[in-house]
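The block underneath contains the structure these notes are about, expressed in structure tokens.
The values are calculated or read from the model by the stated rules, or taken from the named source; none is laboratory data. It should be emphasised that the depicted structure is a prediction, and the values quoted were computed from it without experimental measurement. Here the Cβ positions follow ideal geometry from the backbone for every residue, glycine too, while neighbour counts run over all protein chains shown.
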Amino acid sequence: MVDQLRPLRINAVELLRQPGAVRRVDVVVEAGPLDVSHDGDIEIALALEALNDGIAVTGTVSVGWSTVCRRCLVELSDIAVAPVDELYQTEPLDPDAYLIEDSQLDLAP
């Protein structure tokens, strides 16, 4: 069985060694394993920037959606774009930071 979320698990060893280094992550993931309403695949465009105390993750997550207007019954569709601005740390000092476990970033959450 193929792990569809594998592209969202990033080895952070090299980034943690080089503060200031940036790594791009551009992937398309099927929405099924993420349990979200959608109309197509999820496009993820992120920049991972190494900091002295962790890794900052910024970028966007995009997915198409469609529905029918409850009032006029016209079909509607668009692309929803959500900004991403997260912090990962090996020892979370920030209460909102995600934990870097075994030198891996798990971007799925």
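Quick one: which residue in Asp26, Asp53, Asp96, Asp78 is more than 12 Å from the chain's Cα centre (by Cα) and assigned to a strand (DSSP E or B)?
From the options Asp26, Asp53, Asp96, Asp78, the qualifying one is Asp78.
Exactly one condition in (1) surrounded by 12 or more Cβ atoms within 10 Å (Cβ to Cβ); (2) within 17 Å of Leu8 (Cβ to Cβ) is not met by Ala21; state its number.
Here Ala21 meets the rest and fails (2).
Kindly provide the set of residues from segment 56-75 that are farther than 19 Å from Glu14 by Cβ, β-branched (Val, Ile, Thr) and assigned to a strand (DSSP E or B), ordered by number.
Those that are farther than 19 Å from Glu14 by Cβ, β-branched (Val, Ile, Thr) and assigned to a strand (DSSP E or B): Thr60, Val61, Val63, Thr67, Val68.
When the residues of segment 28-65 are narrowed to those that are more than 23 Å from Gln104 (Cα to Cα), small (Gly, Ala, Ser) and surrounded by 12 or more Cβ atoms within 10 Å (Cβ to Cβ), which ends up modelled with the highest pLDDT?
Ranking the candidates gives Ser62 first.
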